[in-house]
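*Asks:* Following this message is one structure expressed as structure tokens.
The values are calculated or read from the model by the stated rules, or taken from the named source; none is laboratory data. Model, not experiment: these values are computed from the prediction. Note: ideal-geometry Cβ built from the backbone for every residue, glycine included; neighbour counts use all protein chains shown.
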Amino acid sequence: MFEKLRQGLKNVVDRISKSELTDKELDPILWDLQLQLISNDVAVDVAARVCDDLKQRLQGITLPRFGDKATPVKDVLREVVEGVLATEDPLDLLDLVAGKKAQGEPLVIMFVGINGTGKTTTIAKVARLLLEKGYKVVLASGDTFRAGAIEQLEEHARRLGVRVIKHKYGSDAAAVSFDAVQHAKAQRVDAVLIDTAGRMQTNMNLMDELVKIKRVAQPDLTVMVLDSLIGNDAVEQAQTFEARVGFDAAILTKVDADAKGGSGLSVSLLTGKPIIYVGVGQEYSDLQTFDAGWFAEKILENS
């Protein structure tokens, strides 16, 4: 996980710890760091922000004359990374479902993203998380477009022991979502997880369908599922979906196979939306709460 980015940051930490922290010595190192970040799928604006923040903070510290100089540099870099990942409105999914349950209402979550991100599997992972916490869950098969999508969701539901609300292929996805919400209210189900058809962000007709689902189902939370392996494309997708549909939080999938890690650094800063979970494997239990400190430690491990 994040091997390439980790090695690049280790080299930078070593070089900074041997420098005098003057502009003359720092500037070429930070330029190399910016190139390292960009080559590891960090968006250009985010890479520049990291380097600017790091330079400002480094010039405010004094390295010990003897002994370990790398640890203070690493600590400053960790603070910078955590600052980039911070968002104004942190979000706790379990707090939200608890709050809605206390009001006697289901928490309605709509999942969006393009095909291939692992969206349907991620929905199953979130369902399993909620079930483990004692909540009742229903799935809505809002992907009435892709062949096999309904059956895929049904198989996950069978394994988890939950119900799927579905219509026929070609049906109105918004109607499916509406029916699922009404079912949840009638049966006192705690959470509705709405699957939607994966679509490229450039397909305006399909994006309009998402807008309709959102208008009809009125989800409490819209979650964007992003594949961490596609790097800067993930950031572009997130920005386009935010502009066209709007989303509240992101889940990054396939993080366990991501050697670079740049998308995680970029998505939050450029969209202002928090990453709430990361997928770290194929099992239903392989969903981990995203934490800025955890991410920073992972990319700075052994630095």
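*Asks:* Considering each residue of segment 49-66, count those that are touching a residue at least 60 places away in the same chain (Cβ under 8 Å) and under 18 Å from Pro28 (Cβ atoms), and give that number.
*Replies:* 1
*Asks:* While we're here: When residues of segment 58-103 are filtered for being assigned to a helix (DSSP H, G or I) and either at positive phi or not basic (Lys, Arg) (or both), how many remain?
*Replies:* Residues flagged as assigned to a helix (DSSP H, G or I) and either at positive phi or not basic (Lys, Arg) (or both) within segment 58-103 amount to 23.
*Asks:* Please verify whether Val225 is modelled with pLDDT of 90 or more and in a helix (DSSP H, G or I), treating the condition exactly as stated.
*Replies:* Here the answer is no, as Val225 does not meet what is asked.
*Asks:* Quick check on segment 36-43. Is at least one of its residues in contact (Cβ under 8 Å) with a residue 60 or more places away in the chain, buried (at least 17 other Cβ atoms within 10 Å of the Cβ), charged (D, E, K, R) and not in a helix (DSSP H, G or I)?
*Replies:* yes
*Asks:* Quickly run through segment 1-36 and pick out the residues that are aliphatic (A, V, I, L, M) and either within 30 Å of Arg65 (Cβ to Cβ) or touching a Phe, Trp or Tyr at 6+ places or on another chain (Cβ under 9 Å) (or both).
*Replies:* Answer for segment 1-36, where residues must be aliphatic (A, V, I, L, M) and either within 30 Å of Arg65 (Cβ to Cβ) or touching a Phe, Trp or Tyr at 6+ places or on another chain (Cβ under 9 Å) (or both): Leu9, Val12, Val13, Ile16, Leu21, Leu26, Ile29, Leu30, Leu33.
*Asks:* Let me ask another. Residue under question is Val73, and the condition is that it be touching a residue at least 40 places away in the same chain (Cβ under 8 Å), surrounded by 13 or more Cβ atoms within 10 Å (Cβ to Cβ), under 30 Å from Glu236 (Cβ atoms) and not assigned by TED's automatic domain parsing to the domain that holds Leu269; does it hold?
*Replies:* Against the criterion (touching a residue at least 40 places away in the same chain (Cβ under 8 Å), surrounded by 13 or more Cβ atoms within 10 Å (Cβ to Cβ), under 30 Å from Glu236 (Cβ atoms) and not assigned by TED's automatic domain parsing to the domain that holds Leu269), Val73 does not qualify.
*Asks:* If you don't mind, another one. What pairs come out if I take residues in segment 168-191 that are on the phi < 0 side of the Ramachandran plot and pair them with residues that are acidic (Asp, Glu) whose C-beta lies under 8 Å away, six or more apart or interchain?
*Replies:* Pairs found: Ala173/Asp143; Ala173/Glu209; Ala174/Glu209; Ala184/Asp190; Lys185/Glu105.
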